[in-house]
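Below: the structure, in structure tokens.
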Amino acid sequence: MELGLVTAGESHGPALVAIVTGLPAGLVLEQAAIDEDLRRRREGYGRSPRQKLEQDEVEILAGLRHGTTLGTPLALVIRNRDHKNWAWGMSPWPPDGAAEGKGTSPVTLPRPGHADLAGALKYGHADVRNALERASARQTAAHVAAGAVAKALLREIGVSVVGTPREIGGEESDTGMREATDAARSDRDTLGGVVEVVATGVPPGLGSYAEKGGRLDARLAAALMGIQAVKGVEVGDGFALARVRGSQAHDEIEPGLRRATNRAGGIEGGVSNGEPLVVRAAMKPLPTLMRPLRSVDLESGEPGEALVERSDVQAVEALSVVAEAAVAWELARAALEKFGGDALEDFLAAHRAYLDRIRWQR
Ligand SMILES: Cc1cc2nc3c(=O)[nH]c(=O)nc-3n(C[C@H](O)[C@H](O)[C@H](O)COP(=O)(O)O)c2cc1C
């Protein structure tokens, strides 16, 4: 069965929900490992005080018994601790009593760079909050939880996936990144950056050249572009390859079928080639500025300043965790397609038999 994921949840609603289908039975999950990834997503230099409020913890409602998957849909829930301050404003049912707390008055000034305007027009929302609550990157917490499950499956076949921030505001060193963040914060501005995800232990043969939709590079690009604020993706040396000669662009094959270089980033012809998989994603500067951008009031048609909602200066470290989860998810999906199995044991046996057939040394 194909690995499937659906998530739901508004940023200030009661909870985020993820339902994972197609997991084999017999996979051991650890709550601490999922919570650790949620903590990594939340923390990081440059994030807003909201992150301190959300002490994310995963709850499992279905699909797991005594820590082991049952082969049935896995239902994960992450409660929004901040919802208590929005209980009236984000009540799923018409709220009782007088308006109190946050989110009580309609938002009519859409923020440039967010889904606010396009979302309000598309769905006919007079209150922009009806669009921004779901478009918010808060939903990435659900994807990180699902990614932690994918990583547990990948670990069984010796694959590990790690995301790292590489640039923040054009700075590559740790001190440069911090200084750029501090400077942007004092200017009430925001920054973007670049993250890198590396997966090791990926066997050759994941993905397919047979159809464009099966290509692993296309799938990873879609997974990364599916994350809020990601505006560009590179595989291996990516855009730099466009500026060098062929003799400097490819990875010669050596005895043992390994490569001295990895400019391709572990994918040739849309198929993993056994080298470490290397992808990068570029994040635009966050669109909510403490010094608001110009907008227009959707009710009055008058110019105004965009809504200022509590916001991060930059979220590049958080993106590195979200991107890691997205890559892990796509690799787990590709691995299950290749090796299949209702029981983890079947999956592992198929993986072992395949490595034996191609005589691949891990
Ligand atoms: C982990 C993460 C955290 C983010 N935090 C913020 C934030 O605090 N403030 C903000 O304005 N945008 C934030 N964003 C970016 C917006 O969610 C995103 O730019 C917006 O939804 C519009 O989508 P688009 O940039 O893909 O067009 C964050 C994105 C990610 C991945």
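The values are calculated or read from the model by the stated rules, or taken from the named source; none is laboratory data. For clarity, every value in this text was computed on a predicted model and none was experimentally measured. Cβ coordinates were reconstructed from backbone atoms using ideal geometry, including for glycine residues, and neighbour counts include every protein chain displayed. When the accessible area is computed, the model is the full protein with side chains, heavy atoms only, and any ligands, DNA or RNA have been set aside. Shrake-Rupley method; radii C 1.70, N 1.55, O 1.52, S 1.80 Å.
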> Pairs, please: C-beta under 7 Å, at least 6 apart or cross-chain, first residue closer than 14 Å to residue 48 by Cα and in contact (Cβ under 8 Å) with a residue 12 or more places away in the chain and in segment 278-289, second of a type in the set (A, V, I, L, M) and within 8 Å of the ligand (Cβ to nearest atom)?
Replying inline: 286/229; 286/315
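Scanning segment 246-273 for residues that are assigned to a helix (DSSP H, G or I) and not hydroxyl-bearing (Ser, Thr, Tyr), which turns out most open to solvent (accessible area, probe 1.4 Å)? Write out each step before concluding.
To start, the set of residues in segment 246-273 that are assigned to a helix (DSSP H, G or I) comprises 246-248.
Keeping just the survivors that are not hydroxyl-bearing (Ser, Thr, Tyr) gives 246, 248.
Details: 246: 47, 248: 101 Å².
Taking the candidates together, the pick is 248.
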> For residues in segment 274-292 being of a type in the set (A, V, I, L, M, F, W, C) and modelled with pLDDT under 95, which is surrounded by the fewest Cβ atoms within 10 Å (Cβ to Cβ)?
Replying inline: 290
>> Testing residue 46 on (1) of a type in the set (Gly, Ala, Ser); (2) crowded, with 17+ Cβ neighbours inside 10 Å; (3) modelled with pLDDT of 95 or more; (4) touching a strand residue (DSSP E or B) at 6+ places or on another chain (Cβ under 9 Å), one condition comes back false. Which one is that?
In response: (3)
> Yes or no: residue 155 within 16 Å of the ligand (Cβ to nearest atom), open to solvent by 50 Å² or more (accessible area, probe 1.4 Å) and at negative phi?
Replying inline: no
> Taking into account only those residues within segment 303-318 that are touching a strand residue (DSSP E or B) at 6+ places or on another chain (Cβ under 9 Å) and open to solvent by 70 Å² or more (accessible area, probe 1.4 Å), which is farthest from the ligand (Cβ to nearest atom)?
Replying inline: 303
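Which ones in segment 319-338 are over 12 Å from the mean Cα position of the chain (by Cα) and open to solvent by less than 20 Å² (accessible area, probe 1.4 Å)? Write out each step before concluding.
Start the filter on segment 319-338 by keeping residues that are over 12 Å from the mean Cα position of the chain (by Cα), which leaves 331-338.
Hits for segment 319-338 are 331, 332, 334, 335, 336.
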> Any idea how many residues of segment 260-291 are within 16 Å of the ligand (Cβ to nearest atom) and within 30 Å of residue 161 (Cβ to Cβ)?
Replying inline: 10
> Out of all the residues in segment 186-245, which are within 15 Å of the ligand (Cβ to nearest atom) and open to solvent by 40 Å² or more (accessible area, probe 1.4 Å)?
Replying inline: 188, 189, 222, 225, 226, 228, 231
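Quick check on segment 292-299. Is at least one of its residues in a loop (DSSP other than H, G, I, E, B), within 13 Å of the ligand (Cβ to nearest atom) and closer than 20 Å to residue 136 by Cα? Reasoning before the result, please.
So in segment 292-299, the residues in a loop (DSSP other than H, G, I, E, B) come out as 292-293, 297-299.
Retained after the next criterion (residues that are within 13 Å of the ligand (Cβ to nearest atom)): 292-293.
Applying the additional criterion that residues be closer than 20 Å to residue 136 by Cα yields 292-293.
Within segment 292-299, one or more residues are in a loop (DSSP other than H, G, I, E, B), within 13 Å of the ligand (Cβ to nearest atom) and closer than 20 Å to residue 136 by Cα.
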>> Quick test of your reading of the structure: residue 33 fulfils all but one of (1) surrounded by fewer than 17 Cβ atoms within 10 Å (Cβ to Cβ); (2) in contact with a Leu (Cβ under 6 Å, 6 or more places away or on another chain). Name the failing condition by number.
In response: (2)
> Hey, residue 350 hits all of (1) touching a residue at least 40 places away in the same chain (Cβ under 8 Å); (2) surrounded by 15 or more Cβ atoms within 10 Å (Cβ to Cβ); (3) not basic (Lys, Arg) but one; which does it fall short on?
Replying inline: (1)
> Does segment 98-135 hold any residues that are away from the ligand (no atom under 14 Å from the Cβ), among the small types (Gly, Ala, Ser) and either closer than 17 Å to residue 302 by Cα or open to solvent by 40 Å² or more (accessible area, probe 1.4 Å) (or both), and which are they?
Replying inline: 98, 99, 101, 105, 124, 126
> Filter segment 161-185 for residues that are closer than 30 Å to residue 335 by Cβ and touching a Lys or Arg at 6+ places or on another chain (Cβ under 8 Å); which is most open to solvent (accessible area, probe 1.4 Å)?
Replying inline: 166
